[in-house]
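This report refers to the structure that appears directly beneath it.
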Amino acid sequence: MTINRTVTVFGAYGHTGRFVVSELLARRWIPILAGRDVDKLTKLGDEYHGLKVRAASVDSAASLDGSLDGAVAVINCAGPFIDTAAPVIEAALRARVHYFDVTAEQRAVLSAFERFDAPARDAGIVIDPAMAFFGGLADLFATVAMGDWQAADAIQIAYALDSWHPTLGTRLTGKRNTERRFVFSNNKLEFAADPPCNRTWDFPAPFGVQEVTPLCLSEIVTISRHLRVAEIRVFMNLPPMRDLHDPETPTPTAADESGRSSQTFLVEVVARRGRERRRAFARGRDIYAITGPIVVEAVQRVVTALATRTGVITAGKAFDARDFLESLSPALSFDRNSAL
């Protein structure tokens, strides 16, 4: 059976959006370039001659509807997602097309579950938020680390980056998203401590022992939705956090023809049940670039009926987590040790 391979990318001209467009083309999908800035859209359309270009704004339902015409799915790359997710999801529901985004914002993901799960199931579509470096990737790792365990006492996730040159979109989201953050403790979401308490984490090479600080992003929400665990904590080493909070830190600079920066990262997940521990970790390059393969792989699996359900889904619940992670090679080097 021939499948529809046309996917609208909202915010296609943004830093992450460009990686998503490139990944779609590499896998022989057909992107529709969409977004609110007509000049940036036109310039991107000139670079990708032959692709459809459609101006759309979250302030105009009609323009969003037009941007989805003929598509099987939409990938929302335009943050802040507390502003853009709901309008684009509503358009996806009207058009009955699958929705994906790359948010790290907890409130946007919570809202998707609370408002749109039942409507999406009624429409027979998938809504898959946070399919990105932050969010979906850690959810997949946590699922693999849990393995055959039905429940765990705790899941801890630690990110190590050698640097973080944030995009303008990242900075805008940080300024816009001022709500209190959540941790998952005592089997429920609770407000994070303020100020946070730092600790140390012994990462695999090349990072080693690093001081880390708590990080409250979308993976806390997604993991808590499908894994039985009493506590979820996320951390990041301090150097990239200093980069993020320094207004003088420049935006990412391409180090090769793909547009990827030279930034390197490591993600480690540890699941604990009593005295037993299991972990999974991976190494890669450029947290923005790796988001392209992650979200496009999710689109491919949903459209080709490899997802397990409709409605609002999480990566670890919807997909074969190990197989998904292995599919990201060579962009991601993945390893799992059953015990520590």
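Just so it is clear, none of the values below were taken in a lab; they were calculated from the coordinates. Everything numeric here is computed off the predicted structure, so don't read it as measured data. Cβ sites come from the backbone with ideal geometry, for glycine too, and all protein chains shown count toward neighbours.
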Check your understanding: In a GNM of the chain with a 10 Å cut-off on Cα contacts, which of Asp153, Asp256, Asp117 has the highest mean-square fluctuation?
Key -> Asp256
Review point. Over all distinct Cα pairs, what is the inverse of the mean 1/r for segment 105-180, reported as the Kirkwood hydrodynamic radius in Å?
Key: 15.4 Å
Exercise for review: Calculate, in nm to one decimal, what Thr304 and Arg275 gain on full extension: separation in residues at 0.36 nm each, minus their alpha carbon distance.
Suggested key: 6.4 nm
Review point. Ranking Val97, Val88 by Cβ neighbours within 10 Å, fewest first, what do you get?
Key: Val97, Val88
Revision key, fill the gap. So, over other residues within a Cβ distance under 10 Å of Tyr99, counting Lys, Arg +1 and Asp, Glu -1, the net charge is -3
Review point. Which of Met146, Met241, Met131 comes first, and how do the rest follow, when ranked by fewest Cβ neighbours within 10 Å?
Key: Met241, Met146, Met131
Study note, to complete from the structure: When the chain is treated as a Gaussian network with springs between alpha carbons less than 10 Å apart, the largest mean-square fluctuation among Pro250, Pro239, Pro196 is found at Pro196
Study note, to complete from the structure: Across all Cα atoms of segment 153-249, Rg and the largest Cα-Cα distance (Dmax), in Å, are 14.2, 42
Exercise for review: Using Cα extents along the principal axes in Å as the read-out, say which of (i) 61, 45, 34; (ii) 59, 40, 39; (iii) 55, 45, 37 was calculated from these coordinates.
Suggested key: (iii)
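Looking only at the chain, where both bridge partners belong to it, what percent of the DSSP beta bridges are antiparallel (to the nearest 5)?
Values: 36 of 63 bridges.
So the antiparallel bridges in the chain amount to around 55 percent.
Relative contact order (percent) for the chain, with alpha-carbon contacts under 8 angstrom and 6 or more residues of separation?
Relative contact order, the chain: 21 percent.
Asp153: net charge of surrounding residues, Cβ under 9 Å, Lys/Arg +1, Asp/Glu -1, itself excluded? Display every interim value, and only then the final one.
On the way: positive: Arg272, Arg273; negative: Glu231.
So the surrounding residues net to +1.
If each DSSP helix of 4+ residues adds -39,500 (n - 2.57) and the sum is divided by the residues in the chain, what number results at 222 nm, nearest 500 deg cm²/dmol? Before the final figure, lay out the partial values.
Values: 12 runs with 121 residues, N = 340.
Taken over the chain, the calculation gives -10500 deg cm²/dmol.
For Asn198, what charge total do you get from the other residues with a beta carbon under 13 Å from its beta carbon, if Lys and Arg give +1 and Asp and Glu give -1? Before the final figure, lay out the partial values.
Numbers: positive: Arg199, Arg233, Arg242; negative: Glu211.
Value of the local net charge: +2.
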Revision key, fill the gap. Residue ranges of DSSP H helices in the chain that stretch 20 Å or more (Cα, own long axis) and have mean Kyte-Doolittle hydropathy of at least -0.5 are 81-95, 106-123
